[in-house]
Each structure stands twice: as C-alpha cells, then as structure tokens.
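Enquirer: For reference, the structure I am asking about is given below.
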Amino acid sequence: MPVVHRFGPYVFRIHSNENREAREPPHVHVESAGRSAVFWLQPVHLREAWGYTPREIDRIRRLVLANRDLLLERWHDFFHD
C-alpha cells in the first residue's frame, strides 16, 4: 500500500491490489489514528468512512480536492494508466 501523500495526521494511500481485476475508478484511502475513509477522485466524492466525524470528513474532502491532481498523477503512475 504505497503512501502517496501526507498532510498532518492523514496518510493517503493507494491499495495496490484494488485496480487489477475490478478496474475501480481512481480513489485514495485516507487513514489516521485507526480511522479510515475512501474518496473517489473523479469527481471527488466520499465512498465510505469509518470512525471520522462529519467535520473531519469535510476537512479530508477539502484536502483531497486541493491535492486531486497530485493524487490522480500518483494513481496513474502506479497503475501505468
């Protein structure tokens, strides 16, 4: 699970086994302190979350939006799309 970005307590990862057969759209997993969320990148949208408050989800969503181009670049580089 490569780390593609860090901001404060949040670690943004791509799970290497998720795009092989299912061909899921670009997305990132965000983790901190035992909590996690998954955001689609095109368009930016919360797929699911565990343990985060709505306020934290909004903060993370803003981080994903602000860094979407970088996250998409890392996704495409990793999966050679």
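Enquirer: Roughly how tilted is helix 54-66, in degrees to the nearest 10 and between 0 and 90, from the longest Cα axis of the chain?
Expert: Between the helix axis and the principal axis of the chain, the angle is about 40 degrees.
Enquirer: Let me ask another. Using Cα springs under 10 Å in a Gaussian network model of the chain, which residue among PRO25, PRO43, PRO54 shows the largest mean-square fluctuation?
Expert: Residue with maximal mean-square fluctuation among PRO25, PRO43, PRO54: PRO54.
Enquirer: Which shape class applies to the chain: rounded if a/c is under 1.5, otherwise prolate when a/b exceeds b/c and oblate if not, where a ≥ b ≥ c are the square roots of the Cα gyration tensor eigenvalues?
Expert: Cα axes put the chain in the prolate bin.
Enquirer: In debye to the nearest 20, how big a dipole does the chain give about its Cα centre with +1 on each Lys and Arg Cβ and -1 on each Asp and Glu Cβ?
Expert: Dipole about the Cα centre, nearest 20: 300 debye.
Enquirer: Also: Amide H of HIS5: which non-local residues (sequence gap of 5 or more, or other chain) have their own amide H closer than 5 Å, using H built in the peptide plane?
Expert: PHE12
Enquirer: Would you mind working out the accessible area per residue for the chain, using a 1.4 Å probe, and quoting it in Å²?
Expert: Here the per-residue accessible area is 60 Å².
Enquirer: How many percent of the accessible area of the chain is carbon or sulfur, using a 1.4 Å probe?
Expert: Roughly 50 percent, rounded to a whole number.
Enquirer: For helix 68-79, what angle does its Cα long axis make with the longest principal axis of the chain, in degrees from 0 to 90 and rounded to 10?
Expert: Computed tilt is about 40 degrees.
Enquirer: Within the chain, which is the longest segment that contains none of the trypsin sites (Lys or Arg not before Pro) sitting in a DSSP loop with at most 11 other Cβ atoms within 10 Å?
Expert: Result for the longest clean stretch: 24-81.
Enquirer: While we're looking at this one, here's another question. What is the set of long-range amide H partners of HIS15 at a cut-off below 5 Å, with H atoms built 1.01 Å from backbone N?
Expert: HIS29
Enquirer: Got the relative contact order for the chain handy, in percent, Cα pairs under 8 Å and 6 or more residues apart? The partial results should precede the final answer.
Expert: Values: 112 pairs, mean separation 17.0, N = 81.
Reported as a whole number, the value is 21 percent.
Enquirer: Which of these, LEU63, LEU41, LEU71, has the largest mean-square fluctuation under a Gaussian network model of the chain (Cα springs below 10 Å)?
Expert: Maximum fluctuation in the GNM of the chain, among the listed residues, is at LEU63.
Enquirer: Taking the Cβ-Cβ separation of ARG55 and HIS80 as r and a Förster radius of 35 Å, what is the calculated FRET efficiency to the nearest 0.05?
Expert: 0.40
The values are calculated or read from the model by the stated rules, or taken from the named source; none is laboratory data. This structure is a prediction, so every number in the text was calculated from the model and none was measured. Cβ: placed from backbone, ideal geometry, glycine included. Neighbour counts: every protein chain shown. Keep in mind that these areas ignore ligands, DNA and RNA; they rest on the heavy atoms of the full protein, side chains included. Shrake-Rupley method; radii C 1.70, N 1.55, O 1.52, S 1.80 Å.
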